1. Of the residues 189, 238, 247, only one is surrounded by 15 or more Cβ atoms within 10 Å (Cβ to Cβ) and out of contact with any strand residue (DSSP E or B) (no Cβ under 9 Å at 6 or more places or on another chain); which?
2. Need the failing condition index for residue 63 against (1) at pLDDT below 95; (2) closer than 28 Å to residue 235 by Cβ, just the number.
3. For a quick check of your reading of the model, give me the residue pairs whose first member lies in region 276-301 and is under 30 Å from residue 16 (Cα atoms), whose second is of a type in the set (D, E, K, R) and not in a helix (DSSP H, G or I), with beta-carbon atoms closer than 9 Å and at least 6 apart or on different chains.
4. What are the residues in region 78-119 that are under 13 Å from the mean Cα position of the chain (by Cα), hydrophobic (A, V, I, L, M, F, W, C) and modelled with pLDDT of 95 or more, if any?
5. Checking residue 299 against (1) closer than 18 Å to residue 63 by Cβ; (2) crowded, with 16+ Cβ neighbours inside 10 Å, only one condition comes out false. Which one?
6. Tell me yes or no: at least one residue of region 257-269 is over 23 Å from the mean Cα position of the chain (by Cα), of a type outside the set (Gly, Ala, Ser), at pLDDT 95 or above and surrounded by 12 or more Cβ atoms within 10 Å (Cβ to Cβ).
7. Which of the following residues is more than 17 Å from residue 242 (Cα to Cα), touching a Ser or Thr at 6+ places or on another chain (Cβ under 6 Å) and not in a loop (DSSP other than H, G, I, E, B): 33, 38, 5?
8. Which members of region 140-181 meet the condition of being part of a loop (DSSP other than H, G, I, E, B), at pLDDT 95 or above and surrounded by fewer than 23 Cβ atoms within 10 Å (Cβ to Cβ)?
Amino acid sequence: MAKAIRFHKQGGPEVLQLDDVPVGDPGPGQVRIRHTAIGVNFVDTYQRSGLYPMQMPAVAGNEGAGVVEAVGPKVKDLKKGDRVAYTGLPGSYCEERVVPADRMVKIPKGISDEQAASMMLKGMTVHYLIHSTYEVKKGETVLWHAAAGGVGLIAGQWLKKLGANTIGTVGSEEKAKLAKAHGWKHVINYSTENFVERVKEISKGKKVPVVYDSVGKTTWDGSLDCLAPRGLMVSFGNASGPVAPQNLGILSAKGSLYVTRPTLGTYIAARADLVKRSNDLFNAVKSRKVKIETTGRYKLADAANAHRDLESRKTTGSVILVP
């Protein structure tokens with residue numbers, strides 16, 4: 001048996017409870033891993049709350065790092081003792097679990113387990129957003145909401161290395177300072193400034209070709225107003241709540257706009273894509289193009305507090321659970 005954070009019904013952080021769960025031995029193509037660090041992400045709160053329906057009972061979490069404890073038949077690339085990391089497999093809030101071997105990536109030397117657990121989901125999200133969903137080019141101006149969040153801090157650094165002219169929004173002066181320290185050139189505090197007007201000012205009226213928005217409900221309308229004709233709205237999260245149903249006519253009225261709702265799972269569904277994106281991320285961190293900072297650590301048993309702090313916007317950067 002192993003300890004795990006499960007929820008037997010969907011709701012607030014209080015539904016998370018520490019349970020004993022069976023682990024078992026790995027079958028063909030599987031490995032059993034012992035977690036050393038577990039990532040905490042907004043998608044975890046969506047699954048817990050009911051925004052994303054789950055089959056009950058469910059073990060929370062989607063990302064982790066740890067050590068291979070046992071290897072099942074037909075697994076050739078992993079052995080006992082290997083350090084591995086993953087994302088996109090629901091059920092990570094636990095001490096041990098059995099996972100598909102082909103969803104694991106080896107953690108290279110120079111990357112700690114905490115770093116790996118802090119960046120697999122967030123870092124590869126940035127990678128696909130700026131290289132695949134929209135390929136940001138040197139000199140382009142981009143708008144990114146929640147610039148001081150875990151994804152935002154990685155994005156600011158990576159976009160700076162690409163030579164982009166970056167605009168990030170935050171909700172406080174403290175977060176504004178943090179965002180600027182992580183590469184964001186222009187930082188807008190939307191609690192005291194109108195971000196639409198500031199974007200128009202910064203872009204000298206041209207607006208931007210792409211907006212990256214993980215906030216959702218409260219930033220949607222303004223984001224569309226920041227886009228240049230034929231611009232792309234990338235909606236990849238719902239921190240303030242889901243976006244209401246939209247009349248597609250608004251896209252034509254505002255300049256033949258495009259909208260996409262991407263997910264990391266689609267962009268790493270193929271093993272080759274998972275390996276490519278994770279390797280690019282690891283190399284960016286090892287070469288110091290991107291710095292990964294674990295800013296919050298909670299015991300596994302305190303997962304509910306981690307969710308409360310995340311949802312109340314008390315956290316910045318990457319948050320992990322320690323088994």
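1. 238
2. (1)
3. 296/314; 300/3; 300/95; 301/3
4. Residues satisfying the conditions are 116, 117.
5. In the conditions (1) closer than 18 Å to residue 63 by Cβ; (2) crowded, with 16+ Cβ neighbours inside 10 Å, residue 299 misses (2) alone.
6. Taking every residue of region 257-269 in turn, at least one turns out to be over 23 Å from the mean Cα position of the chain (by Cα), of a type outside the set (Gly, Ala, Ser), at pLDDT 95 or above and surrounded by 12 or more Cβ atoms within 10 Å (Cβ to Cβ).
7. Sole residue among the options that is more than 17 Å from residue 242 (Cα to Cα), touching a Ser or Thr at 6+ places or on another chain (Cβ under 6 Å) and not in a loop (DSSP other than H, G, I, E, B): 38.
8. Result: 140, 163.
The values are calculated or read from the model by the stated rules, or taken from the named source; none is laboratory data. Predicted, not measured: the structure shown is a model, and the values here were computed from it. Because the Cβ atoms are built from the backbone with ideal geometry, glycine has one as well, and the counts that use them run over all protein chains shown.
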